[in-house]
Amino acid sequence: MYNHMALYEDDLTHHGKLSQILNRITSYQAGITPNPNDIEKGTGKQKANLGTILGVYLPCIQNIFGVLLFVRLTWIVGMAGTLEAFCIVFICCSSTMLTAFSMSAIATNGVVPAGGSYFMISRSLGPEFGGAVGVLFYLGTSVASSMYIVGAVEILVQYMAPQMNQFGDVFNSYRLYGTVVLLLLAFIVFVGVGFVSKFAALSLACVIISILCIYIGIFVANPDTSLEVCMLGERLLEQDKVMFNGTFMCTKNITGPIYQHYCVDESNTSSSCDYFNNPHTDVKVLKAIPGLSSGIFSKNIWNKYTQQGKVIGTEQEGSETRGEIIADMTTSFMILIAIYFPSVTGIMAGSNRSGDLADAQKSIPIGTIAAICTTSSVYLSCVLFFAGCIDGNVMRDKYGASIGGSLIIGKLAWPHEWVILIGSFLSTLGAGLQSLTGAPRLLQAIAKDGVIPFLRVFSITTKRGEPFRALLLTTFISEIGVLIGNVDYIAPIITMFFLMCYGFVNMACALQTLLQTPNWRPRFRFYHWTLSLLGLALCIVLMFISSWYYALAALAIAFCIYKYIEYKGAEQEWGDGIRGLAMSAARYSLLRLQAGPPHTKNWRPQLLVLMKLDETLQPKFPKLVLFASQLKAGKGLVLVNSVLEGNFRDRYPDAQACKQTLHNLIKEYGVKGFCDVSVATDVSEGLCQLIQNAGLGGLKHNTVVLGWPYGWRHDEDDRSYRVFLDTVRNVGSAQMCLLVPKGINQFPDLGVKLKGTIDVWWIVHDGGLLMLLPFLLCQDRTWKNCKLRIFTVAQTEDNSIQMKKDLQTYLYQLRITADVDVVEMSNSDISAYTYERTLIMEQRTDMLSKIRNAHRNNANSSLAVPTITLSPVPEESSTDAPEPEQRSTDKSQYTFTPSEAKTLINKNKKPDKNNVRRMHTAVRLNEHIVEKSHSAQLVILNLPAPPKSDSGAENYMEFLEVLTEGIERVLMVRGSGREVITIYS
């Protein structure tokens, strides 16, 4: 049969057919990886279907219409006045409306599984931000449940059944009955979300009926003429204090109850009686609800803020024994915002149950926006209507003591106040139930993601899928709020948590839009990034307006959680928007760096560490990375790269494994850098390409860290040192700095603190790199306690005393503290040792060269002759052991006939004069270094220039060996030629 997809046959074989992939996608269960067996059998577990719109709309409406609408809104209007109260409601509703638009955009940008707002924030801003804000939002939701429960108990004890208050202090009653209600609601939540949803519909119906009755009472019902209050001057009096034998007596005569409280009672002072007898003090009876036609609206426009302990509406101290309405708390515009804001925080009640919604992407936007539009309209209109119907003094009476302890909205509503009492009670109970339902599921989603390890215990559910453990913790937190016992004190706490959550939702949405993230494709079109920025600004302003100390506390908690998740290392990777922000910032910074080379004052070592790997593909000298980390005081770039020899297609898996090994290594040593592994057919060429192309744009390395080729004398393959020399030359050609640590295995381990000296042997000027490197090393705690000593070499014609003074002045101008010494290199005769060692070096070089040539030309020949070894100088003179990877090969193929050997060993042959001079310098310098710095913790010296041709490669390596003999730790440095340190500020 003709195969019309033959061109892609291999791809289809390895990656699967498109139809299979599509089947997996469509079978995906939000938040849960489906079992392939269940998908094939069609037995996958289905989510609960809570409807398309009502699954979000009902919880949001119910949580928003709570205790503050029925109990606190009139009090806020009375205190703040019509204008400021309208502003308070408008600002709070605007912030939640803007957040609703942002949340709708995020909700329609992909699948929203269990976790709701937490899921949206964490997948947009990353696990650190998501975990921090998610925990705060969980705490806010848990405490919100206690606010609703306390509000319900307040309605019950204060208005429905006052006889239930048997503890004197009403707040003790709130605490007792609130605890009982909390346990009852927690049990209902444990029964299952289905029951909660049914109860939500019932309580919402009561809320809607109550609101309709309020509007009917405003427009249709006549004011209750029997509802009167008594005013003594500007003081509103309690109804119980002006009642005599069941008769309302608001009179100033001495037979009335007011006189008894002000002048007869022994607890009152004469000043109180003087106030009563003052002819300017009038006693008047006012209607509590004069109605829309009374013109009371104009009197209620301005605010009447009070201080705790003052008589409502005045600046005078009050007394409960006189029957005056006394302020139980200080009020202001900012305080009222903090108290009112929780009444509009229910917009996320529906999204918290996103895992139970049939179509979260459709339900969350429509249900949330519809809910906030409905509630905002009701709130704003009620502010105006209450100000036009109810007397301002009565509205400032928080608990309705002036009207006999009744609820003023209940008196306003039609046909009876019990409609409002029952509706408000069920509404607040339903809101508490919704919070207790959403909070455990939110905690379970956080725990299930594993971003906070100690919360994983709460990811376990019952057989019915209920987060029982999370419910227990939520109940405990809610109980703490219940024990506070006062709605006005609980509300500001909730405000901070919710405002932070809303702010981060807006920030996530704005970031995704401004960064033009490819994955940002929301279906919700009625959105613009300016709305999110405005919402973010409003949330931040509201936080600090409401309570700056609560705001700082919430930010501190969020910061601690963020750093904890970052410290533990969040294993989740969700492609967050913060990464996109970092990418945009990095691109901008790279373009700025591309403008030109950095000034000398801004120069810092950007390290490229060339790591050699052994046969098992493990780092051969991992302490090179540790050494790079000790130079981190430069705050520069660190790249750790390796080269594998071979074919890229064959060795790509090895390269990836090595890259992960290097990543673990730099993570172990705490290096803030990057790692990579390349594959090349020739190692020298691969290293050359790294030197040229590592880094990006202006963020490139300027210093290469290269390991010393230990055991090069023992290796019959000259590549062991030729790769090293080629790299040294390439680094020089690239005009970069070079660092060659020798004795790297003797360098200090992680956490070790050294004491002693760091000796710098400044032989040739290299741009000041020898001065800068020890200074940077001393910033690390490993080398922090080491003192710096600078040695310089003077020739015969130099003035040693003047050189020392000049060097001290130079170091002083560089702001570097160090001891200075000048070593004189006098003209001395070449010793026999130097002459003999040079001769041995040259003969060894010639012999090894002929051995290698013979090996290449006579690879198949095998001559049975004795092995000749020429090694008068022990190879163990190096401080490091030979390379672990030294190959043990058949030595017979490197043998020569006795006649050939005699031609090699010619003691009468004279060595090259240039080699003798170089060897003499190496020997003399080594003598001085060993004499002066034998006890130094580190010796830093200049790396001599490599030979220009390959003919002197082995001799150069021998010179370096002689130069560093007897020194435990050596750092050979070769500068780029440009200045890297300056005396100027």
Q: Provide the solvent-accessible area of S377, counting protein heavy atoms only and rolling a 1.4 Å probe, rounded to the nearest 10 Å².
A: 70 Å²
Q: Kindly write out, for segment 80-96 in residue order, the coupling ³J(HN,Hα) from the Karplus curve 6.51 cos²θ - 1.76 cosθ + 1.60 (θ = phi - 60°), rounded to whole Hz, with x marking Gly and Pro.
A: 7, x, 4, 5, 5, 5, 5, 5, 4, 5, 5, 5, 5, 5, 5, 4, 6
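Excluding ligands, DNA and RNA, what is the solvent-accessible area per residue of segment 121-260 at a probe of 1.4 Å, expressed in Å²?
Numbers: 5590 Å² over 140 residues.
On a per-residue basis, 40 Å².
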Q) When the accessible area of segment 156-251 is split by element with a 1.4 Å probe, what percent falls to carbon and sulfur? A) 66 percent
Q. Applying the Karplus parametrisation 6.51 cos²θ - 1.76 cosθ + 1.60 with θ = phi - 60° to the phi angles of segment 499-508, what ³J(HN,Hα) value in whole Hz is obtained for each residue in order, glycine and proline being reported as x?
A. 5, 5, 4, 4, x, 6, 4, 5, 5, 4
(Q) With viscosity set to 1.306 mPa s at 10 °C, what whole-number translational diffusion coefficient in µm²/s follows for segment 414-503 from Stokes-Einstein and a Kirkwood radius over Cα pairs? (A) 104 µm²/s
Q: Would you mind checking K362/K563; K198/K411; K563/K755; K252/K310 for any pair whose Cα atoms are more than 25 angstrom apart?
A: K362/K563; K198/K411; K563/K755
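How big is D for segment 321-460, in µm² s⁻¹ as a whole number, if Stokes-Einstein is applied with the Kirkwood radius of its Cα pairs at 37 °C and 0.692 mPa s? Please list the in-between numbers first.
On the way: Rh = 18.7 Å.
Using the Kirkwood radius from Cα pairs, D works out to 175 µm²/s.
Taking the Kirkwood radius as the inverse of the mean 1/r across Cα pairs, report the Rg/Rh of segment 130-233.
On the Cα set of segment 130-233, Rg over Rh gives 1.09.
If DNA, RNA and ligands are ignored and the probe is 1.4 Å, what is the ranking of H528, H928 by accessible area, most exposed first?
On the way: H528 90, H928 30 Å².
Ranked from most to least accessible, the order is H528, H928.
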Q.
Keeping every protein chain present and rolling a 1.4 Å probe, give me the accessible area per residue for segment 711-808 in Å².
A. 43 Å²
Q: Using only the C-alpha atoms of segment 429-472, find the volume of their convex hull and express it per residue in Å³.
A: 65 Å³
Q | Accessible surface of segment 704-777 [probe 1.4 Å, protein heavy atoms]: carbon and sulfur percent | A | 52 percent
Q.
Sort I929, I840 by heavy-atom solvent-accessible area, probe 1.4 angstrom, most to least.
A. I840, I929
Q. Put D759, D726 in order of accessible area, largest first, 1.4 Å probe: what do you get?
A. D726, D759
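Which semi-axes, in whole Å and largest first, does the equivalent ellipsoid of segment 396-467 have when worked out from the alpha carbon gyration tensor as the square roots of 5 times its eigenvalues? Show your work: numbers first, answer last.
Details: eigenvalues 375, 39, 11 Å².
So the three semi-axes of segment 396-467 are 43, 14, 7 Å.
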Q) Got a sec to turn the phi values of segment 384-393 into Karplus ³J(HN,Hα) couplings, 6.51 cos²θ - 1.76 cosθ + 1.60 with θ = phi - 60°, whole Hz, x for Gly and Pro? A) 5, 5, 5, 5, x, 10, 10, 5, x, 5
(Q) Under the rule of at least 5 residues apart or a separate chain, name every residue whose amide H is placed under 5 Å from the amide H of T306. (A) T331
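The values are calculated or read from the model by the stated rules, or taken from the named source; none is laboratory data. Please read all numbers here as calculations on a predicted model, not as lab measurements. Protein only, heavy atoms only, side chains kept; ligands, DNA and RNA dropped before computing areas. Shrake-Rupley method; radii C 1.70, N 1.55, O 1.52, S 1.80 Å.
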